[in-house]
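The values are calculated or read from the model by the stated rules, or taken from the named source; none is laboratory data. Here the structure is a predicted model, which is why all the values come from computation and not from measurement. Glycine also receives a Cβ, built like all others from the backbone with ideal geometry; neighbour counts cover every protein chain displayed. Remember, those area values only see protein heavy atoms, side chains included, never the ligands or the DNA or RNA. Shrake-Rupley method; radii C 1.70, N 1.55, O 1.52, S 1.80 Å.
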Amino acid sequence: MAYWLFKSETSTWSWDQQMAKGDAGEEWDGVRNYQARNFMREMQVGDRGFFYHSQKGREIVGIVEVINEAHPDSTTDDERWECVDIKAVQPLITPVHLDDIKAEERLAEMVLVKNSRLSVQPVTSQEWELICKMGGL
């Protein structure tokens, strides 16, 4: 299993909206960055990811699961863009704020710290375990 981080602005798509979709999940659409798209092409059903509120909040608030591998993004006719479908698994007991991530020395190499603008990014298993612990899981 691989681990990922999905970033969304709360005004565009929030954790509450993701939770409301239930097991049906939702396309992680609208990504227009080649590196982020390529990461989605690597994802497999069952991979887990953090749901991160960017801009307002700037915190990891929940865990999602990939339920459909990369397929054409339904929000565009441009065949270059693909997306995966994800469903909410569970909220973190305590959201993990970006400031806390940056303050944790063991997370200094995390993509979120080094390239905070990338909307879909990989997470190592060590980073995953540490953030889950920080989030009360």
Review point. Just in the range 45-137: which GluC sites (Glu not before Pro) are loop by DSSP and have at most 12 other Cβ atoms within 10 Å?
Key: Glu79, Glu109
Study note, to complete from the structure: The base-10 log of I(q)/I(0) that the Debye equation returns for the chain at q = 0.12, 0.17 Å⁻¹, one scatterer per C-alpha, is -0.42, -0.86
Revision key, fill the gap. Here D for the range 12-89, in µm²/s, from Stokes-Einstein with a Kirkwood Rh over Cα pairs at 25 °C and 0.890 mPa s, works out to 192 µm²/s
Check your understanding: Taking +1 at the Cβ of each Lys and Arg and -1 at the Cβ of each Asp and Glu, which of Phe39, Asn68, Tyr52 sits farthest along the dipole of the range 8-85 towards its positive end, judged by Cα position relative to the Cα centre?
Key -> Tyr52
Revision key, fill the gap. Over the chain, the sum of -39500 (n - 2.57) across DSSP H runs of at least four, divided by residue number and rounded to 500 deg cm²/dmol, gives at 222 nm -6500 deg cm²/dmol
Point to revise | Pairwise label distance in nanometres, Lys114 with Asn33, each label 7 Å out on the Cα-Cβ vector | key: 1.4 nm
Study note, to complete from the structure: Excluding ligands, DNA and RNA, the carbon-plus-sulfur percentage of the accessible area of the range 33-137 with a 1.4 Å probe reads 44 percent
**Study point:** Cα→Cβ-extended label distance, 7 Å offset, between Asp23 and Val89, nm
**Key:** 1.7 nm
Point to revise | Greater than 20 Å apart at Cα, pairs in Lys56/Lys102; Lys21/Lys56; Lys102/Lys133 | key: Lys21/Lys56
**Study point:** Inter-label distance, nm, simple model (7 Å from Cα along the C-beta direction), Asp77/Arg106
**Key:** 5.1 nm
**Study point:** Sequence-separation-based contact order of the range 42-136, relative, with Cα cut under 8 Å and 6+ spacing, percent
**Key:** 22 percent
Study note, to complete from the structure: Residues other than Ile131 with Cβ under 13 Å of its Cβ, Lys/Arg counted +1 and Asp/Glu -1, net out at -1
Exercise for review: Multiply the residue separation of Gln55 and Lys133 by 0.36 nm, subtract the distance between their alpha-carbon atoms, and state the gained length in nm to one decimal.
Suggested key: 25.7 nm
**Study point:** Cα gyration tensor shape of the range 1-51, rounded if a/c is under 1.5, else prolate or oblate by comparing a/b with b/c
**Key:** oblate
Revision key, fill the gap. Once the dipole of the chain is set up from charges on Cβ (+1 Lys and Arg, -1 Asp and Glu), the residue from the list Gln17, Ala88, Val123 lying farthest towards its positive end is Val123
Check your understanding: What size of dipole, in debye to the nearest 20, comes out for the chain about its Cα centre when the only charges are +1 on Lys and Arg C-beta atoms and -1 on Asp and Glu C-beta atoms?
Key -> 400 debye
